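Chemist: Below are the structure tokens for one structure; questions will follow.
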Amino acid sequence: MNKQSSDLLARYVIKAQERALAPVIQGRLNNLFLITEDPLGVANALADLLIYQGAFAYIIEREKCGSEAAVCAEAKQARNLFGPVNGMIHLAGLSAEPMPADIASWRKQVELQCKSLFWLLQCCHQDLENHSGTDFIKIITCSLLGGFYGRDGCPQSGLPIAGAGQGLLRSLGYEWDCIWAKSVDFGLDLSAAEMAENLVNELLIAGDGQEIGYPGGKRTIFYTMRHSLKPHIKPAGLIPKKDWVILATGGARGITARAIQMLANDNNHFILIGKGKLADRSEYQKYLKFDKEALRAEFIAQARTSREKITPGMIEAKVTGILHDREIRENIAILRRTGNKVSYLSCDVADPAAFGEAIDSIYRTHGKIDIVIHGAGIIDDHLLANKSAESFNRVFDTKVDSAYTLYSKLKWELMEGIFFFSSTAGRYGNRGQSDYAAANEVLNRFAWRIRSKWPHVLVKAFNWGPWSGVGMASNAVNSQFISRDIYPISAENGQRYFLGEMMHGDPAEVEVIMGEGTWDPEREDSIRDVFNAGLHI
């Protein structure tokens, strides 16, 4: 098939199915298993069972899981005592916690429940990469979201943070061939001993599924199913209205900017939040007729004339800054041409104080926020073994801390809808994007939590496939997708996806996957080929 993007509105949802483990032992447990401690007592019960099976079990105490140095010191000590790591069970997410009341408490839980896994994988990466045995290294991460990962709409005992392990481990599977990874979700209806027994069975007995839940003790797998929209005369969701106050993070550029154009109704007020500041208008007009190559040539000529010491990277940064400024101004003009008011706020959404004050100022000025589109995000692709903690934090916190600020600051009783722009990289993992994948899975779990708590608000987590010509996927990346019949979404269809889902999507289907042919269960092998082709590294 010779085409550059999808002409179809392909849509997928996550479905649950009870699936028991096959009564076939798939290998014995031996050597060292590292366990991060939980408050429920699962770690101790699990360690006893692992030792009974012939393995060494080393528990990293919970208070040490909040420190990178302490986690790595514990892992080093365990390896000195028992040899190379043969498995990990990350239980830190098995914690019944209320939503933290402040950003400091939130970040502490993020370190305990998510970043501790990243630190542990990094400090043990040599064992994992150099594994020479015939058995896979087995890694399980756990959450306490009720057994359905929050998808049943019921209140959740645990925090959305625990969902991060799903995206992180799925990405790791594209980097290390020896990894056998699962995420497992529980509810408080099971005892610590029952949870431990189920985890040992997942390690020992043949069974399918990378994402498994135990609602009511019944083993349940989750899979992707194509489920097209069925427009009705009376839409099930929201019809765009006038006089809405619409807050869009990352809404001045990229796919978010294109999507919100579908909400451009006469007399709406868009507040677009971006990290960069708009250049002076005279500076904007000075280079208005220059394309990318002309800008680059102009700045090189200026540097030669002035004999200024300037690097190619500095020139590229100046070119990118002007092009971004131009894109923002053009997108603002599009919204204004249809009779809307537009405000642009320069704010780093990863700064809770600044972002929180920006939200407060909107309420002071307008009295309400009707719609939120949370599209802010960055990427900084590196294989996990080479990814610095600073890089991980920058990518992860931009999406996750800002989601916490929205959750804490929005006046939900006044809201009509919130739309998280997540990614298939979170749902299915992506080579070199463990931080980005982990962050997007937290957005998915946040969406379900909001749905359960404020059911009158339309909540959608859009797990976007790649867009053509817009967004973070380059032409080279999209060419790799196309060569394997995985078609990027055209900008026009992306806009149709967004509006169609908002109006006609079932409000109970919070977590939706968008993109033709990308996520069929039968095509997982071809997807793995794409992600292993060095697209992002």
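Chemist: For the range 94-145, which residues satisfy the criterion of being modelled with pLDDT of 95 or more, in contact with a His (Cβ under 6 Å, 6 or more places away or on another chain) and among the β-branched types (Val, Ile, Thr)?
Modeler: Correct list: Thr141 only.
Chemist: Report every pair of residues separated by at least 6 positions or lying on different chains whose Cβ atoms are under 9 Å apart, first residue within the range 190-209 and charged (D, E, K, R), second open to solvent by 50 Å² or more (accessible area, probe 1.4 Å) and assigned to a loop (DSSP other than H, G, I, E, B).
Modeler: Asp208/Arg19
Chemist: Find all pairs meeting these conditions: Cβ atoms under 8 angstrom apart; at least six residues apart or on different chains; first residue within the range 300-323 and basic (Lys, Arg); second residue at pLDDT 85 or above.
Modeler: Cβ pairs passing all conditions: Lys318/Leu295.
Chemist: Output yes when any residue across the range 91-105 is among the small types (Gly, Ala, Ser), open to solvent by 10 Å² or more (accessible area, probe 1.4 Å) and not in a loop (DSSP other than H, G, I, E, B), and no when none is.
Modeler: yes
Chemist: While we're here: Condition first: open to solvent by 30 Å² or more (accessible area, probe 1.4 Å), in a helix (DSSP H, G or I) and not hydroxyl-bearing (Ser, Thr, Tyr). Now tell me which residues in the range 241-283 satisfy that.
Modeler: Ile255, Arg258, Gln261, Met262, Arg281, Glu283
Chemist: Checking Ile379 against (1) in a helix (DSSP H, G or I); (2) modelled with pLDDT under 95; (3) within 21 Å of Arg253 (Cβ to Cβ): exactly one of these is not met. Which one?
Modeler: It is condition (1) that Ile379 fails.
Chemist: While we're on this one: Can you tell me which residues in the range 434-457 are open to solvent by less than 10 Å² (accessible area, probe 1.4 Å) and either modelled with pLDDT under 95 or of a type outside the set (D, E, K, R) (or both)? Give the steps one after another, and end with the answer.
Modeler: Within the range 434-457, the first condition is being open to solvent by less than 10 Å² (accessible area, probe 1.4 Å), and the residues that meet it are 434-435, 437-447, 450, 457.
Correct list: Ser434, Ala437, Ala438, Ala439, Asn440, Val442, Leu443, Asn444, Phe446, Ala447, Ile450, Val457.
Chemist: Here's a follow-up. Between Ile373, Ile379, which is open to solvent by 10 Å² or more (accessible area, probe 1.4 Å), in contact (Cβ under 8 Å) with a residue 40 or more places away in the chain and not charged (D, E, K, R)?
Modeler: Ile379
Chemist: Leu384 fails exactly one of the following numbered conditions: (1) at pLDDT 95 or above; (2) surrounded by fewer than 23 Cβ atoms within 10 Å (Cβ to Cβ); (3) in contact with a Leu (Cβ under 8 Å, 6 or more places away or on another chain). What is the number of that condition?
Modeler: All conditions are met except number (1).
Chemist: Taking the criterion of being open to solvent by 10 Å² or more (accessible area, probe 1.4 Å) and modelled with pLDDT under 95, would at least one residue in the range 53-61 satisfy it?
Modeler: yes
Chemist: If I ask for residues that are surrounded by fewer than 16 Cβ atoms within 10 Å (Cβ to Cβ) and part of a strand (DSSP E or B), which ones from the range 21-40 would you list?
Modeler: The one that is surrounded by fewer than 16 Cβ atoms within 10 Å (Cβ to Cβ) and part of a strand (DSSP E or B): Ile25.
Chemist: Select, from Ser191, Ser183, the only residue that is modelled with pLDDT of 95 or more and touching an Asp or Glu at 6+ places or on another chain (Cβ under 7 Å).
Modeler: Of the residues listed, the single one that is modelled with pLDDT of 95 or more and touching an Asp or Glu at 6+ places or on another chain (Cβ under 7 Å) is Ser183.
The values are calculated or read from the model by the stated rules, or taken from the named source; none is laboratory data. Keep in mind that this is a model prediction, so the values were computed, not measured. Positions of Cβ are backbone-derived with ideal geometry, glycine not excepted, and every protein chain shown enters the neighbour counts. In case anyone asks, the SASA skips ligands and DNA or RNA and just uses the protein heavy atoms, side chains included. Shrake-Rupley method; radii C 1.70, N 1.55, O 1.52, S 1.80 Å.
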